[in-house]
Amino acid sequence: MKSWSERPEEVANLLNPAFCGEIIRRCIRKYYENTEVPFQYSLIFLILPIVLHRGTREKIQSSTRKQMHVWIQENQKVRIGFAARAKNLVPVTKETLAFLMQLKAIHINKDGSIKITKYKKTNLASHNDGEIADILKKAETIGKWFANAGTTSTIYTMWGVKP
C-alpha cells in the first residue's frame, strides 16, 4: 500500500480504514442477525469489491427478498471485472482488518471465524441519505445474502472467483 500522503485524495477518502471498517462491520452484523453459522475470514475479501463498485451497488435492491444466486443470475454483468476488483482491494481489506483489530472492533478466532465486538463509534446520523447511506445499506444486504447463500466456497463460486 502507498503511504497516505502518496494516495490521491479521492482514494484516501473512499478507501480509508474507518469507512471500509464500518462497511465490513455492518455486513458482518447483518450476517449474524440472519444465521448462527460463523462468518469466515475469507468472505471479508468479497465485501468491499461488491459494495464499493457503483455499477454493482446500484443494481442491488436493499429491500429485495431475492437470494444472492438468483440476483447474480439476473445480473450476470456484475461478475465482469469482479476478480480484478477483488484482487485490487485485498490490500485495502487487509489494512481495514488491521485497523478494526487494533480498535478491538472485530476478533478473528483460531478457526478463521470473525466476530464483531461492541465499541464506541461516531454517530453517522449525518449520513442518513446519499451515497454513504446507500453503501452502508447495501453492505447490510450483502451480509444477509451471505448468511443465506451457503458455504464460503459456494459464495466465491457464485461470484466467479477463488479464495
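The values are calculated or read from the model by the stated rules, or taken from the named source; none is laboratory data. What you are looking at is a predicted structure, and each value in this text was computed from that prediction instead of being measured. Ideal geometry is used to build each Cβ from the backbone, glycine not excepted, and the neighbour counts take in all protein chains shown.
Couple of notes before you dig in:
- Among the criteria (1) closer than 21 Å to N148 by Cα; (2) at pLDDT below 95, the one N13 does not fulfil is (1).
- Every pair of residues 6+ apart whose Cβ atoms lie under 8 Å, when the first sits in segment 67-83 and is within 18 Å of G150 (Cβ to Cβ) while the second is buried (at least 16 other Cβ atoms within 10 Å of the Cβ) and among the small types (G, A, S): Q67/A149; M68/A149; H69/A149
- Selection count where residues are over 15 Å from L52 (Cβ atoms), surrounded by fewer than 17 Cβ atoms within 10 Å (Cβ to Cβ) and among the β-branched types (V, I, T), scope segment 126-160: 3
- Residue within segment 127-143 that is closer than 17 Å to P38 by Cα and touching a strand residue (DSSP E or B) at 6+ places or on another chain (Cβ under 9 Å) present: yes
- Checked against (1) modelled with pLDDT of 95 or more; (2) in contact with a Leu (Cβ under 9 Å, 6 or more places away or on another chain); (3) part of a helix (DSSP H, G or I), M158 passes all but a single condition, namely (2).
- Among the residues of segment 87-103, those that are in contact (Cβ under 8 Å) with a residue 60 or more places away in the chain and surrounded by fewer than 14 Cβ atoms within 10 Å (Cβ to Cβ) comprise P91, A98.
- Any chance D111 is surrounded by fewer than 13 Cβ atoms within 10 Å (Cβ to Cβ) and under 23 Å from L15 (Cβ atoms): no
- Matching residues, segment 45-87, being among the β-branched types (V, I, T), touching a helix residue (DSSP H, G or I) at 6+ places or on another chain (Cβ under 6 Å) and more than 15 Å from G160 (Cα to Cα): V51, I60
- Residue within segment 32-50 that is within 22 Å of K144 (Cβ to Cβ) and touching a Lys or Arg at 6+ places or on another chain (Cβ under 7 Å) present: yes
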